[in-house]
Amino acid sequence: MTLTTAQASSIESWLRGTALEPENPITAFNLGAAYAIAQQLFAALASLLLATGLCPTYAEAWSLLGEIYWKQGNFSEALDALGKAVSLTPGYHAARERLNALCKQKGLTSPTLAAWPSPAVKLERSTGDWQLHPSHDETELRALISARGYDDRCIIKLAVILFAGGRSIEAECMARFVLSCDPENANALLALSSIAHHQGRAEDALKLAFAATDSMPEHPLASVQALSFSLAVCAWQHFDKLKTRALKALSVMPGAAQPAEALFFVDDPAILVACGQALANTILAAAPRSQIPIPHAPVPRNAQRRLTIGYISADFHFHPIGRLIAELISHHTRGEFIIRAYSVWASADNPVRDVVRAACDSFDEL
């Protein structure tokens, strides 16, 4: 559904508000209302659950949450949320009317104002089923969450996809919602740690990574991320302990570290090869979703034709590799080479990306 200019502007304004005050239930509610007006029901649901988690007595948030559940066909949750709104504020006529209308539609007796229990949140804590590049896409995950209700694994995977697509504010809201239900959820802590690191908040990123390792010491990604972020800020106090954990983690899940990341603390060639293979498998698994053909056999060289060189990277943005590769690509003799670039990490346009794009014959997103 295409947003109107007013809808897009409203959502953007409240996204900025939640970024500035992530624990303010009013901004979370207004963001949910903006999404609801734009008929983005799942995003509205996430924001309203955050609002009610931050302020359990927020009747307006419960009422709108009930309306969203109703539209999604989750009638039991809708009854609970609307009942909560009415019990919190008996004079809230709009919520009472919605509740009565829902009961009439479902053939139920209209409820009294007896105490309604708070909606139960079903926690399904995962044990490390979280990947940097999840196998599901955004549409699939939204459908899964709509069908299952609360499932921290699906919500965090969706947050990672949004983060990879440059939608870090939405990703952060989802991760914080999971934490509001389960304050020790390692996957949510890791997602927030990655977002903080990307935003340049190195100390916050490190604290969140350590919190994840404290919550789930055996989590492979937590061990690797805590070590990587420690190295980034030269925090050597726990290096030996973290390195031992990280090496053990890579033996279980080679994909827990990118190959370039593993170079900082791994000197075993077999582990480095395994990390590279894991990354390649992840990229190839996503390749069928791309419209870009990937040759599986070398093409015989024709001396009369220009040589084609391809660069594949997740760092065509403000990153040391991105800055260096942009300069390197621009020095190719364009008359002798065909230069193609493939980005495996979506990000907003930026000067580094613009330089790479201008220096190539083609620039494609994988």
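The values are calculated or read from the model by the stated rules, or taken from the named source; none is laboratory data. Quick caveat: nothing in here was measured; it's all calculated off a predicted structure. No Cβ is skipped: glycine too gets one built from the backbone with ideal geometry, and neighbour counts run over all protein chains shown.
What to note about this one:
- Criterion (more than 23 Å from Pro320 (Cα to Cα) and either assigned to a helix (DSSP H, G or I) or at pLDDT below 80 (or both)) met by exactly one of Ser251, Ser230: Ser251
- Single unsatisfied condition, Thr89 versus (1) surrounded by fewer than 19 Cβ atoms within 10 Å (Cβ to Cβ); (2) out of contact with any Ser or Thr (no Cβ under 6 Å at 6 or more places or on another chain); (3) within 30 Å of Ala196 (Cα to Cα): (3)
- Across the range 288-333, the qualifying residues are those that are of a type in the set (Ser, Thr, Tyr) and within 32 Å of the chain's Cα centre (by Cα), and the one among them that is modelled with the lowest pLDDT is Ser290.
- Verdict on Arg167 being over 17 Å from Leu49 (Cβ atoms), under 12 Å from the mean Cα position of the chain (by Cα) and modelled with pLDDT under 80: yes
- Given (1) crowded, with 18+ Cβ neighbours inside 10 Å; (2) at pLDDT below 85; (3) not basic (Lys, Arg), number of the condition Asn100 does not satisfy: (1)
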